[in-house]
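We did not get these values from a lab; they are worked out from the coordinates using the rules stated. Worth saying up front: this structure is predicted, and the values here are computed from it rather than measured. Methodologically, a virtual Cβ is constructed for each residue, glycine included, from the backbone with ideal geometry; neighbour enumeration extends over all protein chains shown.
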Amino acid sequence: MAGSLSRRTILQGAAALTGSAVGLPRHAIGAGQLQFAGVNIAGAEFGKIPGTYTKDYIYPSEDNIAYFAHLGFNLIRVPFLWERMQPKLFAPLDQNEHARLAAVVRAASAKGMRIVLDTHNYAKRRIANDDWATEYLIGSTQITVGAFADYCGRLAQAFKDEASVIFGLMNEPAQIEAEAWLPIANAGVARIRAEHAPQLVFVPGVAYTGAHSWLSAHNDLMGKFVDPAKNFVFEVHQYLDQDSSGTSPVSVSNRIGSERIAAFQSWARANGFRAFLGEFGASSDSVSLEALRDLCETMSANPDVWIGWSAWAAGSWWANDYMFKLDAANGAIRPQTKILSEFARRI
């Protein structure tokens with residue numbers, strides 16, 4: 001979504017179910033209810049690159065995780081940066097960064113939660129050769145498809161034995177066409193499976209993987225996505241403001257969320273695919289709260305398509321007045337979080 005760049009700018013300036021992996025093969029239609037209700041816990045994607053840990057960026061704390069587990073959420077989506085996890089292409093993962101992410105996995109798993117490993121890079125990354133100055137698209141001379149596949153394989157190797165992990169293939173691919181993204185996505189999941197990682201994989205489309213723009217952005221081409229393990233779902237995002245960007249607190253109407261996901265939902269159902277709503281958010285005004293409830297009700301009423309959702313956003317480094325902040329406000333639950341918790345407890 002176009003506004004995700006603005007959210008990314010905000011991040012860069014910020015203070016700145018235990019058990020076996022879920023198998024959800026293509027055409028697995030007919031589930032009785034949603035399986036996952038989650039929250040994005042931001043922080044590890046904040047700040048300059050490479051940045052200094054605890055100064056420029058932070059991973060979710062045990063307190064962050066415990067708060068949402070107590071409210072009934074059973075999943076967290078953890079955004080982090082490829083550049084920090086693997087500073088040099090075709091090289092091993094950074095040991096310190098891997099350890100930080102692994103600690104989050106252990107903490108959330110201990111609470112019975114699933115963890116989406118969200119490489120929050122928009123289908124591009126920076127490199128040390130130019131002092132991290134330029135973003136290069138995957139598929140460019142600087143960031144080849146092979147480099148992305150190598151990274152996917154190393155991340156899979158590191159976490160393949162963690163049954164609580166779900167692999168988020170890439171956050172919100174942007175400035176890339178669906179025709180180019182499809183073979184990249186196929187290469188990434190092929191390498192994950194080559195490492196014998198059996199876990200569920202969340203697969204985005206292009207144009208910030210907006211549900212509202214899925215068809216107009218030609219993401220119907222993603223119907224040709226191939227997972228050798230047949231254990232994937234499509235991840236879409238949907239915000240409620242005028243341009244679906246998530247940059248304004250004003251929701252267009254109290255039905256805008258369900259209206260904007262309708263065409264994607266119909267496409268997924270017609271083609272036998274499952275889906276996960278990886279980002280959405282609402283501010284605390286009455287229309288936005290009604291829209292949030294309507295969106296959650298719609299997903300709950302269509303479990304043949306939706307396996308679940310993760311709302312944007314939690315994290316201790318968000319300003320208290322950030323419009324989508326889901327953490328407690330002076331010890332009290334926020335109205336958005338209260339609604340989300342209500343739906344989480346239904347699962």
Problem set entry | Helix-only mean residue ellipticity at 222 nm for the chain, each DSSP H run of n ≥ 4 adding -39500 (n - 2.57), per residue, nearest 500 | -10000 deg cm²/dmol
For this session: Would you please give the FRET efficiency between Gln242 and His70, computed as 1/(1 + (r/R0)^6) with r the Cβ-Cβ distance and R0 = 35 Å, to the nearest 0.05?
Result: 0.50
For this session: Please give the FRET efficiency for Lys48 paired with Ala103, using the beta carbon to beta carbon distance and R0 = 25 Å, rounded to the nearest 0.05.
Result: 0.65
Exercise. ³J(HN,Hα) across the range 124-137 via Karplus (A = 6.51, B = -1.76, C = 1.60, θ = phi - 60°), whole Hz, x for Gly/Pro?
Worked result: 8, 7, 9, 9, 6, 4, 10, 6, 6, 7, 10, 8, 10, 5
Problem set entry | Options Val78, Ile176, His218, ranked by Cα towards positive dipole end of the range 4-344, top entry (Cβ charges) | Val78
Seminar exercise, completed: Once Ser253 and Arg269 are pulled to full extension, the length gained, defined as 0.36 nm per residue separation minus their Cα-Cα distance, is 3.2 nm
Seminar exercise, completed: Per the Kirkwood formula over distinct C-alpha pairs, the hydrodynamic radius of the range 195-254 in angstrom is 13.2 Å
Seminar exercise, completed: DSSP beta bridges in the range 4-344: the antiparallel percent, rounded to 5, is 10 percent
Exercise. Under the classification rounded if a/c is under 1.5, otherwise prolate if a/b is larger than b/c and oblate if not, where does the chain fall, given a ≥ b ≥ c as square roots of the Cα gyration tensor eigenvalues?
Worked result: rounded
Problem set entry | Label-point separation, Asn96 to Glu62 (7 Å along Cα→Cβ), nm | 2.2 nm
Exercise. Can you give the FRET efficiency for Asn330 and Gln175, using 1/(1 + (r/R0)^6), R0 = 41 Å, r = Cβ-Cβ distance, to the nearest 0.05?
Worked result: 0.55
Exercise. Roughly how many debye, to the nearest 20, is the charge dipole of the range 4-344 about its Cα centre, given +1 on each Lys and Arg Cβ, -1 on each Asp and Glu Cβ, and no other charges?
Worked result: 560 debye
For this session: Return, ordered by residue number, the residues of the range 66-81 whose backbone nitrogen is under 14 Å from a label point located 7 Å along Cα→Cβ of Ala133.
Result: none
Seminar exercise, completed: If each part is reduced to its alpha-carbon centroid, the range 285-320 and the range 116-148 end up apart, in Å, by 30 Å
